[in-house]
Amino acid sequence: MAELCRAYGISRPTGYKWVGRYEADGWPGLEDRSGVAWHHPNETPEAMRAEVLKVRQRYPRWGPRKIKAILAREKPGVVWPAVSTIGEILRREGLTVARKVRRRTPPYRTPFAGSDHPNAVWCADYKGWFRTRDGQRCDPLTISDAHSRYLLRSRIVRDTGYEAARRQFEATFREYGLPNAIRTDNGAPFASHGIGGLSRLSVWWIRLGIRPERIDPGEPQQNGRHERMHLTLKTEAAEPPEATAQRQQAVLDEFRKRYNEERPHEGLQMRCPAEVYQASAREYPARLAPVEYPTGMVVRQVQGNGVLYWKGKAVFVGEALQYEPVALEPVDEGRWRIHYSTLVLGVFNEAEHSIVPVDGLRPPDGLAGGLHAPFRCAEGDMEY
């Protein structure tokens, strides 16, 4: 044996191994075999792999981070595999889809104003419309809390006009109270091309002491938290669409419950939105308080056609402010600053009989109070 091993340039243990293989299996026993170990000391137990796949079956669109958070929540005493290991388990089972490499818009670096606690800022928008399988158009209106990511509402509305939107916001206010601000895009019914960008809906919010916030045109990343929720809603509750609008609404309701109470969020240290959100202490009022102005301002009522009368002449202010009081503050000879509540809408020039608009969402300098200051409720005011 020693002589044979020297002739073939192998060690004696190797020679004896080959002889043993030949004696056991004949010539097939001498074929090359894989050097990979049959068992790895750090291999994930089969029972643990089964638990991972079971959670993935419940939530087929969730990734390894959320799956691990669910496993840790349901069985906190177990040491679960790392996120990378869970990802590898999903990959081996063919349960992952490679993401497309896309060119990304640079992130919006400005922090969300005042969204450091629940109800500081709500976000609202219509998810892109789609049709159910019976051909009916669906326009889900969604409202979320920017801080906790809590999805307050996700309802299909008949149309995207003022009346339908107001009914949904009113129901949300009654259930959760009032936020300090609501952030939207510049589309109807949230905003308009009129003075100050005001719409009937945003005027109503102002009467309730809510500050409208509008993102810049074409900059959806400024409302990124809400837009990211829309992506999740699309993949988990709208693709593919349901057979009818009624069934689609039921799926949206199921998604909302799952999103709030089951789905961990990385921005919340893997907590669920329901663990962070609390209803607002500002209750929805039974009556709208009157808009009041400091002494020294000249108050005029906007007519139903959106005009106010100044020295016998009609001045168009905007249909969004119909039947609302606005105030004129003298600036200099023949020029007046026009206010609505705590907003500056523009500067009225008597000589040219025109209004030069300004940023309507910026509180005027020197005006006491603010959009969060409570209004006094007058007896006999219109009830809602």
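Just so it is clear, none of the values below were taken in a lab; they were calculated from the coordinates. The shown structure was predicted, so the numbers you read here are calculated from the model rather than taken from an experiment. Quick reminder, even Gly has a Cβ in these numbers, built from the backbone with ideal geometry, and neighbours come from all protein chains shown.
Remarks
- Cα gyration tensor category, rounded, prolate or oblate, for segment 121-276 with a/c compared to 1.5: oblate
- Each of Arg211, Arg91, Arg166 was scored by other Cβ atoms within 10 Å of its Cβ. Arranged with the fewest first, they read Arg91, Arg166, Arg211.
- For Arg211, the amide hydrogen comes within under 5 Å of the amide hydrogens of Ala181, Ile182, counting only partners 5 or more places away or on other chains and with H modelled in the peptide plane.
- Listed residue (Thr85, Tyr59, Ala47) projecting farthest to the positive dipole end of segment 46-92, Cβ model: Tyr59
- Relative to the longest principal axis of the Cα atoms of the chain, the long axis of helix 83-92 lies at roughly 70 degrees.
- Using a Förster distance of 45 Å, the FRET efficiency for Glu227-Asp134 (Cβ separation, nearest 0.05): 0.95
- Each other residue within a Cβ distance under 15 Å of Gly334 adds +1 if Lys or Arg and -1 if Asp or Glu, for a net charge of -1.
- Among beta bridges that DSSP assigns inside the chain, antiparallel share in %, nearest 5: 85
- Between Leu268 and Glu175, full extension at 0.36 nm per residue minus the direct alpha carbon distance yields a gain of 31.1 nm.
- Helix 64-74 axis, angle to the chain major axis (alpha carbon atoms, nearest 10°): 90
- Extension gain, Glu283 to His117, is 58.1 nm, computed as 0.36 nm per intervening residue step minus the present C-alpha separation.
- When +1 charges are put on Lys and Arg Cβ atoms and -1 charges on Asp and Glu Cβ atoms, the dipole computed for the chain relative to its Cα centre reaches about 1180 debye.
- On the beta carbon distance between Ala24 and Glu88, with R0 = 41 Å, the FRET formula returns roughly 0.70.
- Fully extended contour minus Cα-Cα distance, from Leu95 to Lys75, at 0.36 nm per residue: 4.9 nm
- Once backbone amide H atoms are built at 1.01 Å from N, Val344 has Arg362 as its partners under 5 Å, excluding neighbours fewer than 5 places away on the same chain.
- Of the peptides 237-243, 29-35, the ranking by mean beta-carbon count within 10 Å, highest at the top, reads 237-243, 29-35.
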